[in-house]
Amino acid sequence: MKWTESQDIFIENHYLEMNSYDLSKWVGHSEEAVEQRIKKLGLSKFGFRTVTNKRFWTYANIRMLKSIMHLPNAEIAKQMGRTTTSVRKMKAKLRNGLTHEVPYNEHDFLATGALRPYREVAQESIGRKLLTCEHVHHINLNKKDNHPKNLFITRSPSEHGNVHAQLDNLLYGLVEELLLANIIIFADGNYYLGKGKIR
């Protein structure tokens, strides 16, 4: 799919405060494509981006790894353009319940240096500063909904990963049920609402 001028403008206006995952949802391209586009537009500056300065595992990378985990590490590394050590470590993390890896400063600060709004709200609700190891989980998965009732403070990144792992397991079963009941349909690479009804 070709890049449009409006997609480029959106990236230029938001690449400092949004990570690649969020940008990819807005512009309709993969995280890797977004990262490449940021570089092509000359927007990647050391210290400003939270993903491009190091080869972090993106959500798309992890989804791909999950689909080929049965292959030997060397084969996966070759397919993904990574080292065997990197693949081995991420496979171990996935087996221990991690569903995604957040770049080192992404969960604390915006690229501009400001504290993320949901962390501010969480700190106000508990009356103290959050520890660096504490992550904030959005219960309804909407990262823009920073109401205190929608925020859950986890004690560690691994606990946050476990929350997402539980959600992944629930969603897999739910999607399967929705497809069987014809509530959603998958056609031509897209999901659509079907005519089925919830029992």
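The label-point distance for MET64 and LYS39, in a model that sets each label 7 Å from Cα toward Cβ, rounds to 1.3 nm. Taking a straight line from the alpha carbon of LYS2, these lysines sit under 18 Å away, with near neighbours fewer than eight places off in the same chain left out: LYS25, LYS39, LYS40. In a fully extended conformation the segment linking ARG95 and ILE185 would gain 29.3 nm over its present Cα-Cα distance, using 0.36 nm per residue. Just subtract the alpha-carbon distance of ILE126 and GLU32 from 0.36 nm times their residue separation and send over the number in nm, one decimal. This chain segment gains 30.1 nm when fully extended.
Rule-based calculations on the coordinates, nothing more; no lab input. Bear in mind the structure is a predicted one, so any value in this text is a computation, not a measurement. All Cβ positions, even for glycine, are placed from backbone atoms using ideal geometry, and neighbour counts span all protein chains on display.
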